[in-house]
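Heads up, the thing below is written out as structure tokens.
Computed from the coordinates by the stated procedures, all read-outs in this text should not be read as laboratory data. Source: prediction; values computed, not measured. Here Cβ is always computed from backbone atoms with ideal geometry, including for glycine, and neighbour counts include all displayed protein chains.
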Amino acid sequence: MRSILCSLAALIVATPALAQTAPQISVETLKSVTKELSSDAYEGRAPTTAGEKKTIDYLVKRFQAAGLKPGNKGQWTQDVPMVEITAGNVSAFTATGGKAPVTFNYRTDIVAGTYRVVPKIELKNSDLVFVGYGINAPEKGWNDYAGLDVKGKTVVILVNDPDWQTKEAGALAGLFEGRAMTYYGRWTYKFEEAARQGAAGAIIVHDTEPAAYGWSVVQSSWTGAQYELDVPNNHMDQSEMVGWIQLAKAKELFAAAGKDFDQLSAAAKQKGFRAVPLGLKLSGSFSNEIKRSMSKNVVGMLPGTTAPDEVVLYSAHWDHLGRCDPVDGDDICNGASDNASGTAALVAMAEAYRAGGPTRRSVAFVAVTAEESGLLGSQYYAANPAFPLGKTVGGVNMDGLNTLGATRDFEIAGAGKSELEDMVKPLLAAQGRTVSAEATPEKGHYYRSDHFSFAKLGVPMLSGGSGLDLVNGGTAAGERASADYLKNRYHGPKDEYDPNWNWDGAVQDLTIYYQLGRQLADGNAWPNWYPSAEFKAIRDKSRQEAK
């Protein structure tokens, strides 16, 4: 506790007086950029497509008009080497050896793909093993792979982590922070760990509540072209096949093995659970169309006056899913909210900084690619930064603006991690708003957007925005609108620009983002992670190296 208080005291001393005002955020800019980028002409902004070229050209033009300078060593863009893999000729996957064969039809029962850059994937009689939540966490004394050799086998994994049904959230609520998802609950971790264990295949059981999205989202996100960073080893250290299956098919699979899915799922929540071989063998195959190409991050900046080598960072992802499963004859996933709106915020924020005058430190505005494919653009930038991470003070990531109207509250994703939170609270108080607990911490939003790529390498980034307590309608109205978006528009063709959107809440949030960044850019504070945060050690190391 003493170290926290001392750290906060130093932060407060180093931070300029609270800014009560900010340049007016341009609603016209928010509208025009969002409308443009989410129009059908951009075909859903999938990386490496014609839609990407239009997006990059438009963003460079808007960044220039906003007064930014090229931010990547004199260039507007940063090349991000990508490999596009499109599965085809997908056979029906079949599990044999049980009471009856179980067949998984592609798209309706199973989605399957690979990270490996190879022309064909074929699983032949791969032993199926249920590994619970697929977690290996030595610091928690938890290992679902204990005593198990899964080389050549296919593991079946539950989504989220063992505490997801706990009502409370936080470090004291359970081994895996209760209702709040940890990174161990994220699908990316589960595939990573399966690969580390040597599994030939890894399949996650989809269940809407703990996954936080329906099967339609899995189907639209995991079929068609899939993107990965192009690396020398062609990702041959990854499992041959990764995918998802419907919950009903998982229960059918376990029944064929003479197992009770619900009973084993309950057992998997307990420490000491041991993996269960199902006595079944999985077979299936698909071919891969492989295309290597270059995607791009867009990097603009405003040089600082007296400390130009120290940088405050704003980020947002410009990409979306491109063409997807049609709804009412429409097969373009326009991504208006997700994330044309956040990209528009970058432009509006740049305009606000120009209006606010020069800053002591530099301010960077980075529009990254391939967030929807696993945070690839931000991952590449963080590993190859235009500005050294040890000299990156901190910043804000913007992923989907509030277009429902003003709110009384503000949610911080992954609250309790960094000192940026303490800087935000007085700014919110000046607006008459409060910080509310995350409404759905089990969805793991902290691990689902680009700030996480920077956090993993030590840079504190705020990810937060309007809560659900709408000034007009209260929490009930906010919850209804959120549920409606998730059900009917998220990652689907109906996420389109609406001229009737209310941007008051977006302006509230962007004012906070501006004031926070401006304090950092005009001050000399170096916000850090709290001592308990998993990213503090790497931040301390990078700052020491920068000095």
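Listing for the model above:
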| item | result |
| --- | --- |
| Inter-label distance for GLU168 and ASP325, nm, one decimal - labels placed 7 Å from Cα along Cα-to-Cβ | 3.9 |
| Distance between the range 33-61 and the range 327-349 - C-alpha centres, whole angstrom | 10 |
| Over the chain, relative contact order from alpha-carbon pairs under 8 Å, at least 6 apart, % | 22 |
| Residues whose placed amide H lies under 5 Å from that of ASP319, excluding near-sequence neighbours | ALA370, GLU371 |
| Residue-span extension gain [LYS271 to LYS425] - 0.36 nm each, minus C-alpha spacing | 51.7 nm |
| Near-label residues of the range 366-397 by backbone N, under 19 Å of a point 7 Å along Cα→Cβ of ARG292 | 377, 380 |
| FRET E, pair LYS124, LYS35, Förster distance 51 Å, beta-carbon r, rounded to 0.05 | 0.50 |
| Residue-count net charge about ALA382 - beta-carbon cut-off 11 Å; Lys, Arg +1, Asp, Glu -1 | 0 |
| The chain: angle of helix 247-256 to the longest principal axis, Cα-based, in degrees nearest 10 | 30 |
| Under Karplus coefficients 6.51, -1.76 and 1.60, residue-wise ³J(HN,Hα) of the range 196-204 in Hz, glycine/proline x | 4, 7, x, 5, 6, x, 9, 10, 9 |
| Expected 222 nm ellipticity per residue - DSSP helices of 4 or more, -39500 (n - 2.57), all of the chain, to 500 | -9000 deg cm²/dmol |
| Under 20 Å from LYS151, Cα to Cα: lysines that are on another chain or at least 8 residues apart | LYS120, LYS124, LYS190, LYS281 |
| Student exercise, the range 202-316 dipole from Lys, Arg, Asp, Glu Cβ charges, in Debye to nearest 20 | 400 |
| Coordinate range along principal axes, alpha carbons of the range 87-225, Å, largest first | 48, 35, 35 |
| Local net charge near GLY201, Cβ-Cβ under 12 Å (Lys/Arg +1, Asp/Glu -1) | +2 |
| Simple label model, 7 Å out from Cα along Cβ direction - ARG196 to ASP260, nm | 3.3 |
| Gained length - ALA92 relative to ASN472, 0.36 nm times residue gap less alpha-carbon distance | 131.8 nm |
| Whole-Hz couplings from phi, Karplus 6.51/-1.76/1.60, listed for the range 380-396; x for Gly and Pro | 5, 4, 4, 7, 9, x, 5, 10, x, 5, x, 9, 8, 5, x, x, 9 |
| Global geometry of the chain, whether rounded, prolate or oblate, following the gyration tensor of its Cα atoms and the 1.5 cut on a/c | prolate |
| Nitroxide proxy distance, nm - points 7 Å out along Cα→Cβ at ASP540 and ASN233 | 3.0 |
| Helix 2-14 vs. the chain, principal-axis angle (Cα, 0 to 90°, nearest 10) | 40 |
| Long-range amide H partners of CYS324 with built H, under 5 Å | ILE332, CYS333 |
| Net charge contributed by nearby residues that have their C-beta within less than 12 Å of SER265 (K/R +1, D/E -1) | 0 |
| With Cα atoms, 0 to 90° folded angle of helix 536-546 axis to the chain main axis | 50 |
| Contour minus Cα-Cα distance for ALA146 and ALA50 (0.36 nm per residue) | 29.8 nm |
| Calculated from backbone phi, Karplus (6.51, -1.76, 1.60) coupling profile of the range 300-308 in Hz, x at Gly/Pro | x, 7, 10, x, x, 8, 10, 9, x |
| Subset of LYS456/LYS494; LYS251/LYS291; LYS417/LYS541; LYS269/LYS487; LYS425/LYS547; LYS269/LYS443 violating a 25 Å alpha-carbon distance limit | LYS456/LYS494; LYS251/LYS291; LYS269/LYS487; LYS425/LYS547 |
